[in-house]
Structure formats: C-alpha cells, structure tokens
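Since the structure comes first, as structure tokens, the remarks are kept for the end.
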Amino acid sequence: MRFLLSAVSAGERVLDVGCGEGTFAAALAHADASVVAVDVAEEPLRRAHAAHPELDLRLIDGEGSWELPDAAFDAVWAGEVLEHVADTAAWLSEARRVLVPGGKLLLSTPAHGALTRLRLALSPRAFETHFDPRGDHLRFYTRRSLTALLEDFRFDPVEVRRAGAWPARPLLLVCALRRRY
C-alpha cells in the first residue's frame, strides 16, 4: 500500500486492474486520486461494490481488449495480477494503450530470486507445490525477466525493487514509465 500511495498524486487518474474487493482502489480514492477499478470476475466486484459503493467498478473481458479509452489514465496499478495473466503481451499492450504518454505502470508480483529458485530446485516437494499445474499462477518473474519484458513493451525507465523478506513472501515492486513514442 505504501508503495502504491507514494507513486500516485492527488488528482491523478488511476486504473486499478484486478481490483478484487476494492481495497487498493478505495485507498487511492481516499488519497484524492480519480479511480476506475476493473476486474475479470463478477463476484469480487460485487463484494467491492458492497464495501465501497462510491467506487467506479467495471467488469472487463479477461481475454480481449479493455473497454476503456486510449490515453485515459496517468497510472495503471496491478497488484499481484500479472502472474495470473495468460496472454501477457495482450495485457501489457492494453495497459500501455490506456496510459498517457509518460504514464506510470505500477505492479507487484511474487519475486523468484536466487534463493527462491534454489529452494525450489533442491526440494521436489516445494517445486511440485509451487508449480502445481492446477494453480492460478501462470508466470514467474525475476527482477531481470520482468525488467526485460517491460522494456520490450516500451516502458522506460523500468524500476524493479524487491520488498519483503523471509518469512513473508517476497515481492517485486515495479514503477515503469510509458515512453512517449
């Protein structure tokens, strides 16, 4: 929450993608940002509306384009969403499309740094649990792989930092700017 609120200023237009029950969207609105919160699932949106009826909540297609105008947002926030996305290229293209030139893409995603990879390599049980094909995480990122991906989609500069330490699950926190061209 601190990361997100420190990256967004009052009056900025923010798109919360994968808003779930609206916790981050409500915090952004409370900080005087203009927020549109979207999700691909109806039930979390229903709960978000019950908890935060003042929010602009919308259902979007998880497989297609977002019914949102081009260059409409100063920031796009996706808290622990990107690892669940099947078509990352389409998702990043949509995020880029709705951002103003110079707009901020703000992300968090689980970190898969050296220690995590070593633990998974040394423990067949941990590996099988972590990469369970029935699980909902489809992508796994390191700082380097996430930076390269975002640079490929013309975000620059890309700042990726690690947050959290054992026993908490480590995260990668990203602030990347949409290039103006």
Subset tally (residues that are of a type outside the set (S, T, Y) and in contact with a Lys or Arg (Cβ under 9 Å, 6 or more places away or on another chain)) for segment 20-48: 10
Residue within segment 131-142 that is modelled with pLDDT under 75, more than 19 Å from the chain's Cα centre (by Cα) and part of a helix (DSSP H, G or I) present: no
Count of segment 33-55 residues which are crowded, with 19+ Cβ neighbours inside 10 Å and among the aliphatic types (A, V, I, L, M): 8
Scope segment 69-95; condition acidic (D, E), within 19 Å of A41 (Cα to Cα) and assigned to a loop (DSSP other than H, G, I, E, B); matching residues: E80, D87
Within segment 1-32, tally of residues that are outside any helix (DSSP H, G or I) and either surrounded by fewer than 20 Cβ atoms within 10 Å (Cβ to Cβ) or free of Cβ contacts under 8 Å to residues at least 40 places away in the same chain (or both): 12
Positions within segment 49-63 being touching a residue at least 12 places away in the same chain (Cβ under 8 Å), in a loop (DSSP other than H, G, I, E, B) and either within 27 Å of F140 (Cβ to Cβ) or out of contact with any strand residue (DSSP E or B) (no Cβ under 9 Å at 6 or more places or on another chain) (or both), in sequence order: E54, I60, D61, G62, E63
Unmet requirement for R119, which otherwise passes all of (1) under 21 Å from L138 (Cβ atoms); (2) surrounded by fewer than 16 Cβ atoms within 10 Å (Cβ to Cβ); (3) in contact (Cβ under 8 Å) with a residue 40 or more places away in the chain: (3)
The listed residue being touching a helix residue (DSSP H, G or I) at 6+ places or on another chain (Cβ under 9 Å), crowded, with 18+ Cβ neighbours inside 10 Å and either among the basic types (K, R) or modelled with pLDDT of 90 or more (or both), out of L99, L107: L107
Total residues in segment 15-37, condition among the β-branched types (V, I, T) and in contact with an Asp or Glu (Cβ under 7 Å, 6 or more places away or on another chain): 2
Test: residue in segment 65-78 that is surrounded by fewer than 19 Cβ atoms within 10 Å (Cβ to Cβ), free of Cβ contacts under 8 Å to residues at least 60 places away in the same chain and within 19 Å of T109 (Cα to Cα): no
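The values are calculated or read from the model by the stated rules, or taken from the named source; none is laboratory data. Source: prediction; values computed, not measured. Heads up, the Cβs are rebuilt from the backbone with ideal geometry, glycines too, and the neighbour counts pull from every protein chain shown.
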